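Asker: Questions regarding the structure given below will be posed in turn.
The values are calculated or read from the model by the stated rules, or taken from the named source; none is laboratory data. Everything quoted here is computed from the prediction, not taken from an experiment. Ideal geometry is used to build each Cβ from the backbone, glycine not excepted, and the neighbour counts take in all protein chains shown.
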Amino acid sequence: MTASLHLSVPHDSGNIDILSAETPSDIRLAIREDGAAKFYQWFYFRLTGAKDTRCRLTIENAAGASYVPGWSNYHVCASYDLDHWFRVETKYKDGQLIWEHEPQTQSVYYAYFAPYPIERYRSFVADVACSPLADQLPLGETVDGEPLDLLRIGTPGEGKPNLWVIARQHPGETMGSWWMEGFLPRLLDDSDAVAMALRDQAVTYVVPLVNIDGSRRGHLRTNAAGKDLNREWAEPSAEMSPEIFHIRHKMDELGCDFFLDVHGDEAIPNNFIAGAEGVPNWSQVQQQRLDQFKTSLAQLSPAFQTKEGYPVDAPGTANLKIAANAIAHRFDCLSMTLEMPFKDANVLPDPEVGWSPDRCADLGRSCLDAIWAVFPKLKQR
Ligand SMILES: [Zn+2]
């Protein structure tokens with residue numbers, strides 16, 4: 001490394017190994033595996049001392065990443081101020097992820113997607129909890145002993161539907177947190193008619209960040225014990241997956257009439273919903289609720305679409321370890337996974353920023369309208 005060139009890994013959410021940085025024209029890197037599991041794809045680091053210098057960065061182990069199709073047509077996220085994130089043209093070639101960039105300032109940050117540091121999360125939750133319209137409920141601790149946050153918006157009452165919205169079971173999918181920054185403040189807006197009605201007629205429970213440990217540790221997919229939390233819903237363990245153990249226990253106690261689990265997808269360049277069509281108790285009513293939500297969201301947000309997505313599970317073949325399937329099975333309610341892209345939304349692309357924090361927040365606000373559109377159907381059996 002030259003005297004002025006320096007690479008560093010943020011303690012909060014950072015991930016990269018520096019293989020060599022002798023010269024700006026050949027910086028060689030490798031992504032670290034999740035601590036106790038083999039997954040990797042999330043990266044986030046800082047390069048200092050390269051102002052106005054053409055740099056070439058290569059992630060050597062890209063071919064072994066968890067979702068290799070994620071690299072095709074993918075462009076790295078970069079920021080000078082940790083506020084505005086833009087894309088840098090990137091190539092996936094011979095198993096390596098390569099980009100060239102001439103930073104305009106001395107420090108530049110590169111990441112798989114705009115990071116969402118735990119400090120920002122704590123501050124966001126504290127802000128929400130200060131609203132007279134929100135309550136913060138105890139929900140136990142993570143493997144690392146971090147407090148989990150459960151927020152309640154609306155007053156519990158006889159016959160009111162209980163809506164559950166969670167994000168970031170997978171820590172590398174930071175778009176879930178940016179989505180929350182649109183969804184939650186809108187739900188707390190005291191002059192927004194849809195928010196007022198939902199607060200009056202329903203109780204919404206929100207877990208804004210499920211996998212706090214994995215997020216802080218810079219993991220792609222797992223918690224501190226190496227567990228993929230979205231495969232723990234059949235039999236969550238108090239020791240290995242306490243995050244899900246506590247959420248599921250609370251859902252059993254309070255009930256659930258609507259469930260939305262917010263994620264990001266590495267490969268598919270669009271926003272989409274995955275339903276729970278493969279659960280044994282799938283019914284016409286379940287199908288109608290799902291169709292209504294998807295159609296409404298597509299009308300409300302041109303960034304959302306219904307053509308691309310995961311293949312639908314054949315009847316009775318759903319993996320009941322996955323949250324949306326487990327909840328549809330357990331509570332016979334509308335239960336879905338929302339996937340946002342790491343790349344861009346091809347139906348409404350923005351090459352400058354790709355799919356971005358602001359666009360996640362915008363979709364979060366639109367989802368409130370889609371919930372309202374399907375609301376009359378939620379308690380139908
Ligand atoms: Zn995910």
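Asker: Any idea how many residues of the stretch 128-160 are within 18 Å of S237 (Cα to Cα) and surrounded by 16 or more Cβ atoms within 10 Å (Cβ to Cβ)?
Answerer: Looking only at that region, the number is 5.
Asker: Within the stretch 253-261, identify whether any single residue is more than 16 Å from the ligand (Cβ to nearest atom), without any contact (Cβ under 8 Å) to a residue 12 or more places away in the chain and in a helix (DSSP H, G or I), and answer yes or no.
Answerer: Yes.
Asker: Output the residues belonging to the stretch 157-182 that are of a type in the set (D, E) and within 16 Å of the ligand (Cβ to nearest atom).
Answerer: Selection gives E173 alone.
Asker: Another question about this same structure. So, of the residues in the stretch 218-233 that are outside any loop (DSSP other than H, G, I, E, B) and more than 16 Å from D144 (Cβ to Cβ), which turns out to be farthest from the ligand (Cβ to nearest atom)?
Answerer: R231
Asker: Quick one: would you say L368 is away from the ligand (no atom under 16 Å from the Cβ) and within 21 Å of W178 (Cα to Cα)?
Answerer: yes
Asker: Select from the stretch 169-194 the residues that are in a loop (DSSP other than H, G, I, E, B) and either out of contact with any Lys or Arg (no Cβ under 8 Å at 6 or more places or on another chain) or closer than 18 Å to W372 by Cβ (or both) and list them in ascending order.
Answerer: Listed by number, the residues that qualify are Q169, E173, L188, D189, D190, S191, D192.
Asker: Please determine whether any residue of the stretch 193-202 is touching a Phe, Trp or Tyr at 6+ places or on another chain (Cβ under 8 Å), crowded, with 21+ Cβ neighbours inside 10 Å and closer than 29 Å to A30 by Cα.
Answerer: Scanning the stretch 193-202, I find no residue that is touching a Phe, Trp or Tyr at 6+ places or on another chain (Cβ under 8 Å), crowded, with 21+ Cβ neighbours inside 10 Å and closer than 29 Å to A30 by Cα, so the answer is no.
Rundown of residues vs (1) within 16 Å of the ligand (Cβ to nearest atom); (2) within 30 Å of W85 (Cα to Cα); (3) touching a Gly at 6+ places or on another chain (Cβ under 6 Å), yes/no style:
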position	(1), (2), (3)
Y310	yes, yes, no
P315	no, no, no
L320	no, no, no
A323	yes, no, no
A326	yes, no, no
D332	no, no, no
L338	yes, yes, no
P341	yes, yes, no
N346	no, yes, no
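Asker: Condition test on D362, is it surrounded by fewer than 23 Cβ atoms within 10 Å (Cβ to Cβ), among the acidic types (D, E) and over 24 Å from G159 (Cα atoms)?
Answerer: Taking the combined requirement at face value, the residue satisfies it.
Asker: Now for a different question. Quick one: which strands (runs of 3 or more DSSP E) lie wholly within the stretch 128-168 and hold at least 1 residues that are assigned by TED's automatic domain parsing to the domain that holds A324, over 14 Å from Y205 (Cβ atoms) and in contact with a His (Cβ under 7 Å, 6 or more places away or on another chain)?
Answerer: In the stretch 128-168, 134-141 are the strands (runs of 3 or more DSSP E) which contain 1 or more residues that are assigned by TED's automatic domain parsing to the domain that holds A324, over 14 Å from Y205 (Cβ atoms) and in contact with a His (Cβ under 7 Å, 6 or more places away or on another chain).
Conditions tested, residue by residue: (1) touching a residue at least 60 places away in the same chain (Cβ under 8 Å); (2) surrounded by fewer than 21 Cβ atoms within 10 Å (Cβ to Cβ).
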{"position": "P208", "(1), (2)": "yes, no"}
{"position": "P242", "(1), (2)": "yes, no"}
{"position": "G264", "(1), (2)": "yes, no"}
{"position": "I268", "(1), (2)": "yes, yes"}
{"position": "G275", "(1), (2)": "yes, no"}
{"position": "P280", "(1), (2)": "no, yes"}
{"position": "A298", "(1), (2)": "no, yes"}
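Asker: Being touching a residue at least 12 places away in the same chain (Cβ under 8 Å), within 18 Å of S8 (Cα to Cα), surrounded by fewer than 20 Cβ atoms within 10 Å (Cβ to Cβ) and not assigned by TED's automatic domain parsing to the domain that holds G218 is true for just one of S79, S66. Which residue is that?
Answerer: Just one listed residue meets the conditions, S79.
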